[in-house]
Structures are given as structure tokens and as C-alpha cells.
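Take a look at the structure set out below.
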Amino acid sequence: MAIISFGEALIDLLPSDTNPSHCIKCAGGAPANVAVGVAKLGQKSVFIGTLSTDAMGQLLRSELEGVDVDLVFSPVSENSTALVLVSLDNSGERSFQFYRHNTADLDFTAESLTAYPFTSGDIIHLCSNTSTLPANHNATLLGLMAIQKTGALISLDVNLRENLWPVEQVQYLPERVGDLMILADILKFSKEEYAHLETVIPNFTTIINDSVANGAVILITDGANPITVINKSVNDLHITPYMPQKVVDTTGAGDGFISGFLSYCTMHDISSTQSFDADTLIKAVKFASQIGAKTCEKKGAFNALPHLNEL
């Protein structure tokens, strides 16, 4: 069983501890974070995302390979690496400014996804940021529909970043996110994302209800507040999350959470959402929340994601 993360790998520019006006380079990108989180938890991790040949792309490749993420199915592009300027407030909460125009991470096709030999038991994980342009969204959908036929599970962390979408494309965000939700077996939202999408996607409730009826697992995180879990085997289960000893940087906390949840699935040979009962869901979510909490205790994402022996 492998966990295949698909999407963007980019460079986060974070303020330096010694001089906030200076930036330090940190490898990141939500799907790449998940790939690293899975690998550091000792699971088979594959990343499918186009990497640039530029210096930043080489840094990403080195960081990913350094924790044994398989990059065999990651294409190469001459386009530059996307950059994100990350600002932190006094509590470690983030705001983002993206530099992502004709970048390497957008240089993919449906065939990029389906190059990996998916089988039943594998999990493909993605976020909504592969759908910011029409051609990329269509390629993502075609790839996912082909993967779905193999019996692999589809995991979606909505991970809304509206300022990453081109101005003329933001109007299509609700429709495209809805398209992805329909295909997903595991859906993760923050509480704010769930509430927002509920108001902008006309058939949101229908999609959620149909997904649950078909066995999907819905995970809704809310910072330090209880995590909501919805599935056929439970009805609005609320689980108290682990707390970090000290919050340094919340970058990658959600990615840590979902990497923990998916890793729990592969650790326990859960190849179908039908395998989840209430007890299994509670254990999986508690494990996932521990990974998310530990991620908050260090700056950055790749570096902050914990190994098993750190738990």
C-alpha cells in the first residue's frame, strides 16, 4: 500500500528568527508536505508533482529525496519554482502571498497522474490548488476518474487558498472544488473552509450527504477545538485533539494531520472506507491530531513534520 501525493511543491519564504525583514527558504507545498509527513512516519510515499530544473527545484528534490519520498513519477520542467511569502503573527498564525505564474507545478497533464501503477489499497492525496486553471482542473479530473477505477482511495484536503487563484478564475472555485469533492473518499476541511463552501457551493449539502452515504469519511478540524468526524458508522463524532507544547509555526499543521490519518490507514491495512468503524476512526483521528500538534512546535513544514520516534 502506497500513499501518492499529487500537486504543488514550492518554496516558502519565512521570516528569519534573528531578523524578521530577512527570509529563510523552506521547502513546502501542501501535497509535498503530506508526502514528507508520510515518509517520516515510515510509510511508502510517492510524490507526483512537476519539479523545476532551477535552483529552488533542486532544493525541493534534495529535501524530498532526503526523507525517502519516491520522485520517479515526478516530471521535470524548465519553468520556475513557485514561491510563497509567509508572514507569521505573534501566535504563529500565517498569511500568504503567492508568486505562481507559469510555474513548474502547473506543468502537468492527466497522464502525469496515471503514470503511477495504482492498485486497490493505494491512496492518492491532493488539494484544490491543482484546479486553479481550466486545463489543470480538467487534467486532474480525468486522472482521478481513471485512478478511481483501480480501486485506490482518493483523499482531498480542500486547503482553500483563494489568493492563489487568478482573479478571472476565482468565480469557478466553488464549481471546481465541488467536482473534486464528488470523487473523494476522504475529505478534510477546516471549520472555516466547510462553512464558506456551504454558502458558495449550491449543492454542497447534497454532495456531503451522498459522499457519506457512499462510505466517505469527512474530517473537519478547528484548531484547538474538537475535530468533527462524519461517516456512516458515526454521526457527528467530536474528538478532542492533541495540543502542541508550544506553538512556533502552524505552517503544515493540517498537512501533518492528514499525513497522520492516511498513514494510519496504511499502517493498519485499511484499503476501503467501509473498513472504518467508530473505534477505528477515533484511533486514526487521535493519531493524526498528534502529528498535526507536533508540526506546530517547529518553524517550516518539511523540517517540522515528526518522525514516529518523536511522538
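The values are calculated or read from the model by the stated rules, or taken from the named source; none is laboratory data. Remember, predicted model here, so these are calculated numbers, not experimental data. Counting neighbours? That spans all protein chains shown, and the Cβs are built from the backbone with ideal geometry, glycine included.
Hey, can you tell me all the residues within region 29-46 that are part of a strand (DSSP E or B) and either at pLDDT below 90 or surrounded by fewer than 24 Cβ atoms within 10 Å (Cβ to Cβ) (or both)?
46
Can you name every one of the strands (runs of 3 or more DSSP E) wholly within region 148-256 that holds 1 or more residues which are among the aromatic types (Phe, Trp, Tyr) and crowded, with 20+ Cβ neighbours inside 10 Å?
186-190
So if I check each of 103, 53, 81, 109, which one is surrounded by fewer than 16 Cβ atoms within 10 Å (Cβ to Cβ), among the polar types (S, T, N, Q) and either over 16 Å from residue 159 (Cβ atoms) or at pLDDT below 95 (or both)?
Exactly one of 103, 53, 81, 109 is surrounded by fewer than 16 Cβ atoms within 10 Å (Cβ to Cβ), among the polar types (S, T, N, Q) and either over 16 Å from residue 159 (Cβ atoms) or at pLDDT below 95 (or both), namely 53.
Name the residue, out of 202, 244, that is modelled with pLDDT under 95 and out of contact with any Asp or Glu (no Cβ under 6 Å at 6 or more places or on another chain).
Only one candidate qualifies: 202.
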